[in-house]
Amino acid sequence: MPQRIKKYKKKSLNGSELANFIKQRQLRQSRSTFGQRDGVRPKLAIVKTVDDPAIETYVALKKRYGEDIEVDVDIHNVEISKIHELLHELNSDIFVDAIIVQLPLSDAEKTEEVLSLVDPSKDVDGLNPERSEFDSATASAILWLLAGYNVELRGKRIVVVGQGRLVGGPVAAVLESSGLSVTRCDKSTNNLQQEVEQAEILITAAGAGEIIASDWIQPGTVVVDAGVAGEQGEVESDVEATARERDDISITPLKGGVGPLTVCALFENVLKAVNN
């Protein structure tokens with residue numbers, strides 16, 4: 001068991017507070033770009049093939065954020081059979097700076113094929129890591145959150161639960177590339193409880209609904225729970241609800257944790273794409 005300090009001070013790792021500062025800087029940056037491009041605003045294209053409440057929640061957040069920082073966000077609803085043609089057009093459009101393929105697709109078997117079609121210089125979600133010029137937005141958001149609260153990562157036992165391509169896999173890869181020691185787990189890990197009990201920093205993104213019991217988390221642990229939207233658009237947590245009642249751990253709130261910073265990190269990539 002990692003040796004921990006004897007006194008603890010609870011912190012709510014609130015991404016919303018940090019996001020407000022970042023948004024103001026991005027607005028200034030967007031306006032500067034607008035002036036340099038003869039009045040042409042940065043533009044993000046979102047391509048989706050599925051309509052459901054969870055996806056609509058994510059897309060609406062991105063649309064609203066773009067409006068706040070004066071970035072145009074165009075939403076393209078397309079049949080999977082026509083997505084190749086649309087992506088070719090968007091790749092070639094000089095007024096489209098960035099492209100997102102909103103997952104899941106209506107045909108999940110075509111995910112890798114479709115993602116590979118996005119121009120690497122416009123792939124602001126970073127979902128094709130071998131080719132994209134950008135880091136995963138969610139991975140960046142988690143690192144921003146930890147840095148914003150002065151959480152030291154060096155020498156700590158970091159456990160990442162969930163290895164999906166959207167969150168868990170990319171954040172583990174980014175941490176490992178920084179020379180940090182990371183234990184990768186998922187909901188099928190046989191000794192998941194033991195691994196969680198050993199964690200000093202726990203990042204969870206399994207999307208499996210309270211698979212981590214509160215009493216597995218040791219006092220002094222920093223917990224980043226990257227909740228996902230459920231079928232009705234509500235936020236679902238990987239961590240048992242009673243964990244947020246504890247005063248001996250630092251943990252993200254159910255709403256306003258990683259999510260707001262993920263949108264910030266995404267638009268950070270959009271603004272970078274403008275200068276590519």
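The values are calculated or read from the model by the stated rules, or taken from the named source; none is laboratory data. These numbers come from a predicted model, not from an experiment. Glycine also receives a Cβ, built like all others from the backbone with ideal geometry; neighbour counts cover every protein chain displayed.
Numbers for the structure displayed
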| read-out | value |
| --- | --- |
| Residue check, Asn77 under 16 Å from Phe134 (Cβ atoms) and not aromatic (Phe, Trp, Tyr) | no |
| Given (1) at pLDDT below 95; (2) out of contact with any helix residue (DSSP H, G or I) (no Cβ under 8 Å at 6 or more places or on another chain); (3) closer than 21 Å to Val274 by Cα; (4) of a type outside the set (D, E, K, R), index of the condition Leu90 fails | (1) |
| Restricting segment 3-12 to residues that are surrounded by fewer than 13 Cβ atoms within 10 Å (Cβ to Cβ) and not charged (D, E, K, R), the residue that is modelled with the highest pLDDT | Gln3 |
| Checking Glu85 against (1) in a helix (DSSP H, G or I); (2) in contact with a strand residue (DSSP E or B) (Cβ under 8 Å, 6 or more places away or on another chain), the condition it does not meet | (2) |
| Residue count, segment 109-167 (criterion: among the aliphatic types (A, V, I, L, M) and more than 16 Å from the chain's Cα centre (by Cα)) | 8 |
| Among the residues listed as Val167, Val159, Val78, the single one being more than 20 Å from Ile55 (Cβ to Cβ), in contact with a Ser or Thr (Cβ under 8 Å, 6 or more places away or on another chain) and either without any contact (Cβ under 8 Å) to a residue 40 or more places away in the chain or not assigned by TED's automatic domain parsing to the domain that holds Ala54 (or both) | Val159 |
| Filtered residue count, segment 13-52, keeping only those that are outside any helix (DSSP H, G or I), exposed (fewer than 15 other Cβ atoms within 10 Å of the Cβ) and among the basic types (Lys, Arg) | 1 |
| Segment 170-189: number of residues that are without any contact (Cβ under 8 Å) to a residue 24 or more places away in the chain and among the charged types (D, E, K, R) | 1 |
| Answer from Val40, Val101, Val50 - the residue that is farther than 19 Å from Val270 by Cβ and of a type outside the set (Ser, Thr, Tyr) | Val50 |
